[in-house]
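The values are calculated or read from the model by the stated rules, or taken from the named source; none is laboratory data. The structure presented is a predicted model; accordingly, all values stated were derived computationally and were not measured. Glycine also receives a Cβ, built like all others from the backbone with ideal geometry; neighbour counts cover every protein chain displayed. Side chains are part of the model used for accessible areas, which takes the heavy atoms of the whole protein and leaves out ligands, DNA and RNA. Shrake-Rupley method; radii C 1.70, N 1.55, O 1.52, S 1.80 Å.
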Amino acid sequence: MKFIVGVAVNINLIFFYAAPLSTIATVIRTKNSASIHFWTMAMNTSNAFFWCVYSLAIQDYYILIPNGLGFVFGLLQVALYQCFPRSEVIEATDSVTELSGDEGDCTEQLTRSHYGNVAESEII
């Protein structure tokens, strides 16, 4: 029973370490590492590294295998983070709002979000 629980926990740990890798395609496609959370990447990589050192010290390969994979996954994230520098992307979303005037007339005004205070003459 211990073996089955140990294998299940190790599989879960591999999924835990591999979960942040879901952004790899985004990072490579956009050439921007903004989708990688730095502190999560740093803590997961260092956690896996220290567990690897511990497992080698006590020669326990059940601890080494999932944490070794976690360390490799972490190094992959670090490499992506270094190769594709973080740059903040401002996403402009255009929306049309209808404003009702004093006489009940509806006029359309194009507004852009994420640009702050922009004069109406600059928008239209």
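A few remarks follow.
- Among residues other than residue 9 with Cβ under 14 Å from its Cβ, the summed charge is 0 (Lys and Arg +1, Asp and Glu -1).
- C-alpha center-to-center spacing [the stretch 5-27, the stretch 29-53] in angstrom: 12 Å
- For the stretch 13-67, the spread of Cα coordinates along the three principal axes comes to 42, 17, 14 Å, biggest extent given first.
- Under 5 Å, built H, 5+ apart or other chain: amide partners of residue 86: 33
- In summary, the convex hull built on the alpha carbon positions of the stretch 1-95 has an orientation-averaged projected area of 8.1 nm².
- Per-residue packing, averaged as other Cβ atoms within 10 Å, sorts the ranges 11-24, 42-55, 63-76 into the order 63-76, 42-55, 11-24, beginning with the highest.
- The stretch 16-76 - percent of accessible surface contributed by carbon and sulfur, probe 1.4 Å: 75 percent
- Stretchable slack from residue 26 to residue 3, in nm (0.36 nm times residue separation minus alpha-carbon distance): 4.6 nm
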